[in-house]
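Have a look at the structure below, then the notes.
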Number of protein chains: 4
Amino acid sequence: METNPYYNPENVGFSIPPRVSRKTQSNDTIVNIGGVQVGDSEIIVIAGPCAVESQEQLFETARAVKTGGARILRGGAFKPRSSPYNFQGLGEEGLKLLSSIREETGLPVVTEVMDTRQVGLVASYADMIQIGSRNMQNYPLLKEAGMCRKPVLLKRGMMATIEEYLLAAEYILNQGNEQVILCERGIRTFETSTRNTLDLSAVPMLKRLSHLPVIVDPSHGTGLRWMVPSMAKAAVAVGADGLIIEVHYKPEEAICDGYQSLSPNEFAQLMTDLKKIAQALGREISLPKPSVS
Amino acid sequence: METNPYYNPENVGFSIPPRVSRKTQSNDTIVNIGGVQVGDSEIIVIAGPCAVESQEQLFETARAVKTGGARILRGGAFKPRSSPYNFQGLGEEGLKLLSSIREETGLPVVTEVMDTRQVGLVASYADMIQIGSRNMQNYPLLKEAGMCRKPVLLKRGMMATIEEYLLAAEYILNQGNEQVILCERGIRTFETSTRNTLDLSAVPMLKRLSHLPVIVDPSHGTGLRWMVPSMAKAAVAVGADGLIIEVHYKPEEAICDGYQSLSPNEFAQLMTDLKKIAQALGREISLPKPSVS
Amino acid sequence: METNPYYNPENVGFSIPPRVSRKTQSNDTIVNIGGVQVGDSEIIVIAGPCAVESQEQLFETARAVKTGGARILRGGAFKPRSSPYNFQGLGEEGLKLLSSIREETGLPVVTEVMDTRQVGLVASYADMIQIGSRNMQNYPLLKEAGMCRKPVLLKRGMMATIEEYLLAAEYILNQGNEQVILCERGIRTFETSTRNTLDLSAVPMLKRLSHLPVIVDPSHGTGLRWMVPSMAKAAVAVGADGLIIEVHYKPEEAICDGYQSLSPNEFAQLMTDLKKIAQALGREISLPKPSVS
Amino acid sequence: METNPYYNPENVGFSIPPRVSRKTQSNDTIVNIGGVQVGDSEIIVIAGPCAVESQEQLFETARAVKTGGARILRGGAFKPRSSPYNFQGLGEEGLKLLSSIREETGLPVVTEVMDTRQVGLVASYADMIQIGSRNMQNYPLLKEAGMCRKPVLLKRGMMATIEEYLLAAEYILNQGNEQVILCERGIRTFETSTRNTLDLSAVPMLKRLSHLPVIVDPSHGTGLRWMVPSMAKAAVAVGADGLIIEVHYKPEEAICDGYQSLSPNEFAQLMTDLKKIAQALGREISLPKPSVS
């Protein structure tokens, strides 16, 4: 057996900061996103396109994910892109489209914010604001999110340790905002047959150390459409409180991340499978009743 | 979204060698270990102590894992240890004890081999020989294992890519031995709150690229007793053909790896939980009938 | 030999964006920081404390590094800290102190900016603004830095590939600001006997792919005072255009990073050693003449 | 600044085993390879082809590296290859060729051993036996090498921490063989524009913790011919006791690793450059006198 000199099973979680720590608050935090509760016994699925591309794309996708069983809609209006020459998102126009489709479908909306100057704007449209992996240690942004009165979805950085991740969440709670959801979305390792390495052990670890809800993003975590269902099932089995999944009404035409987006049919099938696993674990996923035709 | 310049969803598996590749053989290989089939619809659990320490320890643990539902017994007689001053295993004496308890319980036995010179000896006692993570690229050992007529459990190296792992398995098949089981047991990453990072995405990836059965070791993958059940459930949900789990009749007294070993009661409870998940997925885990008392 | 399936020696740099690429501009960019040229044959050393803590601390340290041969002064006024409970920097008060000591010593000043809203403020005090590792993919901040008229020191992210790093620099150049210096400061790996793993191969790689100057930060790269001189020498030998080194007038009393800060004497000795290596390579480090006493 | 929870500057080297530790033996070990001393003030360069391919290839390359200033010849007869279908080396025929060219040139020879059963054979031909990265934790092989009376070049595993590396060396010393040379050859990280990430900080770390000599392999560490000279210079500057460099008389025709092999002219030029850096550091590299023509 190996001796990892840095690993100490006696010592896990020794330095978790107070506001996120389960030692301070033993009962689970439940985050309320426009009426949908995350962190309770029901497993909540967030779905939608990577980026808002157009009214048709967003609306068709939103209707499809609602039918499939999603309870919250995702979609990026401000997009962090590695290259300045890639599509950067529709900006406020995208936020308006998200707001419109929420009216129609009743699905609460989560969307990313990248700039301290836009927190107010994004929070005025969204039911939950997302801070992405690249900004997990953008401390001014964390503080600004902590000062707004909307729930925050804080994604784990690609190379953030569990401790660093919880310290980042502490920045938000420390400003008085306790409505924070954590999200494992894959870490960077030497292995690159997958886009990232989805670290599912982060789920039980975070839930043991903290009272915050924890969800999983199998889309970014794998980067492979065909692998998303397997990892989504594993995420439910490991104890995640929810999932965030990329769905596109026409994946092959997506401007970004189409190769990891499910089609509406694939999504609906997955939800049916997930429901069975949830039940085997004593949890629930509520699916809409099939419409009579 | 990130651009990982080395990740190419179009290109996964482009260079998988022929004998292990699913392109060459589309149907699943089923490996027969002393009458127990791995790779079929039933999920097989291998359990037992990290190392064979004594007759009492081995026999008591073996009886307990059989009662809990294990189908194969594990236990190390030759132990790879980071330090030359740590317990190195009982050697042939350990092999004899494994053989005795197999007689009593009927459980086939898997145990590790580290040296080309010992392959014959170990194979004469064991129903399956194990090549550990550190020896995944010990090519003379792989060749020797390929020449023996026993099934081989080949564990993934701590820093082996999927491609390197399948190339290592190819060494065994290339010698004429097609009875190979793959095992994800955690990779080394920057994160060390867990002993390793259990890469569950390796399971669907390996099963897509190869026809060989794939099992998961949540004990070494996490290094944390309390986390083993969560990750074992996730491994079943993700599609593993089996599990290998460390169990010790008195974990607190184990010479090695006690902090990651389940007690007999914890193991029995886990098996009951795993059976429910297997059923939700349309697979099976057969548990012994409770004895009447 | 290993086969790293993602490594392709024929393919290095295939996707470097145009403005940073040496294919577009073959001659080296020289960046002018308040009269000091970085990227020319002279090797430039930036030194100073991690954080501005007080007038005495900053001024004494600044005088010492000038005497030792530093050409530019570093010091943080806005500090990115993993924990919200750690010292967050003196803010604008720190900027004013930096400005004062520049008046006295003539040393140009570099200091970090973390928030898009503060780029104007920081740029009004500093001769060069620094974007730290955690913000390497903070795209709004990169754009804002690209719009200001001050040189930018862009540190490599702890988890950034060479390509991602150059794409981040492209964001700055794409806004019209070509005065960008790159800085290798250590990446995150499994090895943690050092704070980070200083990737010196990044220096020749970046200089081959891009025309921008490249410097090295051995202080954050190692996190160990006693190791800084060795790695500084290696950085000069590998072809870096400069170094950025943490020096504190009383390292044992530093509020942050004292364990990696050199004392004034250690710094002066190092500069003398570096000068010899620079000369062996046909480059130069100009040291002040010793004062007569 | 980051908090790496596993990094503790106070704690480096806390668990180094006794025989390799500098606490036990404060003065540097000097290893004698057929009359050449490694670990003394002179920097020793080992050079030669990756694999012995033929008499012409080996002999021409050996003569060229001797002329260039190499003091020891390298060349693989038994080759660890990721794929079973790649060239596996000439075996004993290769050992005989190495022995012949030693007669002619006077250069001592180092070559790899992979199998416990071949240690005696390889040691009977070689002046130093090499244990490669993949076998760094092949404990039976380490013990066998410890029992032979030849010096051992133990390369760091791609995934080995400093502590694990020194524990592996302890296995050899613990068998009574103290003639061990350590070799940093690149670790595996997320960055793959280079074949591995050459961790030069390992050199001062190993030399602080242990009395054993430390050399560097920039060929495997980078995998890029054009980068070898830069990293070789950095290795000398950082304090390495020697280098091991792949040279091939016709790199473009090499069966393996040609893309990282220097030509004889490139090697000779590099040696001249290295000598200058060595002198700037107060060390020496002795080059042969140019022949009169």
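The values are calculated or read from the model by the stated rules, or taken from the named source; none is laboratory data. Because the structure is a prediction, the values reported are computed rather than measured. Reconstructed Cβ throughout: ideal geometry from the backbone, glycine too, with neighbour counts over all protein chains shown.
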* **Failed condition for D:GLU60, given (1) closer than 15 Å to D:MET128 by Cβ; (2) more than 14 Å from chain B (Cβ to nearest Cβ)** => (1)
* To do: Of the conditions (1) in contact with a strand residue (DSSP E or B) (Cβ under 8 Å, 6 or more places away or on another chain); (2) acidic (Asp, Glu); (3) over 16 Å from B:THR189 (Cβ atoms); (4) without any contact (Cβ under 8 Å) to a residue 40 or more places away in the chain, A:ASP217 clears all except one; give me its number.
  => (4)
* To do: Collect the residues in the stretch C:157-168 that are part of a helix (DSSP H, G or I) and of a type in the set (Ser, Thr, Tyr), keeping them in residue-number order.
  => C:TYR165
* To do: Give the stretch C:192-203 a look and list any residue that's surrounded by fewer than 24 Cβ atoms within 10 Å (Cβ to Cβ) and within 19 Å of D:VAL216 (Cα to Cα), or say none.
  => none
* Asked: Considering the stretch B:237-265 alone, what residues qualify as being in contact with a Pro (Cβ under 8 Å, 6 or more places away or on another chain), of a type outside the set (A, V, I, L, M, F, W, C) and farther than 22 Å from A:ALA235 by Cα?
  -> B:GLU246, B:HIS248, B:TYR249, B:GLY258, B:TYR259, B:SER261, B:SER263
* Structure fact -> Here the residues within the stretch A:168-217 that are under 25 Å from A:LYS150 (Cα atoms) and among the aromatic types (Phe, Trp, Tyr) are A:TYR171
* Asked: Does B:MET159 count as touching a residue at least 12 places away in the same chain (Cβ under 8 Å), at the interface with chain D (Cβ under 9 Å from one of its Cβ atoms) and more than 16 Å from the chain's Cα centre (by Cα)?
  -> yes
* Of all residues in the stretch A:249-267 being among the acidic types (Asp, Glu) and surrounded by 17 or more Cβ atoms within 10 Å (Cβ to Cβ), which is nearest to A:CYS50 (Cα to Cα)? -> A:ASP257
* Condition check for C:LEU287: more than 19 Å from the chain's Cα centre (by Cα) and of a type in the set (A, V, I, L, M) -> yes
* To do: Output the residues belonging to the stretch C:204-224 that are facing another protein chain (nearest Cβ under 8 Å) and over 13 Å from the mean Cα position of the chain (by Cα).
  => C:PRO204, C:MET205, C:ARG208, C:THR222, C:GLY223, C:LEU224
* All but one of (1) at negative phi; (2) surrounded by fewer than 24 Cβ atoms within 10 Å (Cβ to Cβ) hold for A:GLY69, so report the exception by its number. => (1)
* **Test: residue in the stretch A:76-97 that is in contact (Cβ under 8 Å) with a residue 60 or more places away in the chain, of a type in the set (A, V, I, L, M) and either outside any loop (DSSP other than H, G, I, E, B) or within 20 Å of A:VAL36 (Cα to Cα) (or both)** => no
* To do: Output the number of residues of the stretch B:169-183 satisfying the condition of being within 11 Å of another protein chain (Cβ to nearest Cβ) and outside any helix (DSSP H, G or I).
  => 2
* **Scan of the stretch D:230-263 for residues that are modelled with pLDDT under 95 and over 22 Å from D:VAL109 (Cα atoms), ordered by number** => D:GLU252, D:GLU253, D:TYR259
* Confirm whether D:GLU246 is within 25 Å of D:ILE181 (Cα to Cα), surrounded by fewer than 20 Cβ atoms within 10 Å (Cβ to Cβ) and touching a residue at least 60 places away in the same chain (Cβ under 8 Å). => no
* **Every residue from the stretch D:166-184 that is free of Cβ contacts under 8 Å to residues at least 60 places away in the same chain and farther than 15 Å from D:ARG22 by Cα** => D:ALA168, D:TYR171, D:ILE172, D:GLN175, D:GLY176, D:ASN177, D:GLU184
* To do: Can you confirm whether the stretch A:274-284 contains a residue that is within 29 Å of A:ALA51 (Cβ to Cβ), within 21 Å of the chain's Cα centre (by Cα) and among the charged types (D, E, K, R)?
  => yes
* Odd one out for A:SER193 among (1) under 30 Å from A:PHE87 (Cβ atoms); (2) within 14 Å of chain B (Cβ to nearest Cβ); (3) modelled with pLDDT of 95 or more -> (3)
* Asked: Can you tell me which residue in the stretch B:268-293 is surrounded by the most Cβ atoms within 10 Å (Cβ to Cβ), limited to those that are of a type in the set (D, E, K, R) and more than 10 Å from chain A (Cβ to nearest Cβ)?
  -> B:ARG283
* Structure fact -> By residue number, the members of the stretch A:18-50 that are buried (at least 16 other Cβ atoms within 10 Å of the Cβ) and among the hydrophobic types (A, V, I, L, M, F, W, C) are A:VAL20, A:VAL31, A:ILE33, A:VAL36, A:VAL38, A:ILE43, A:ILE44, A:VAL45, A:ILE46, A:ALA47, A:CYS50
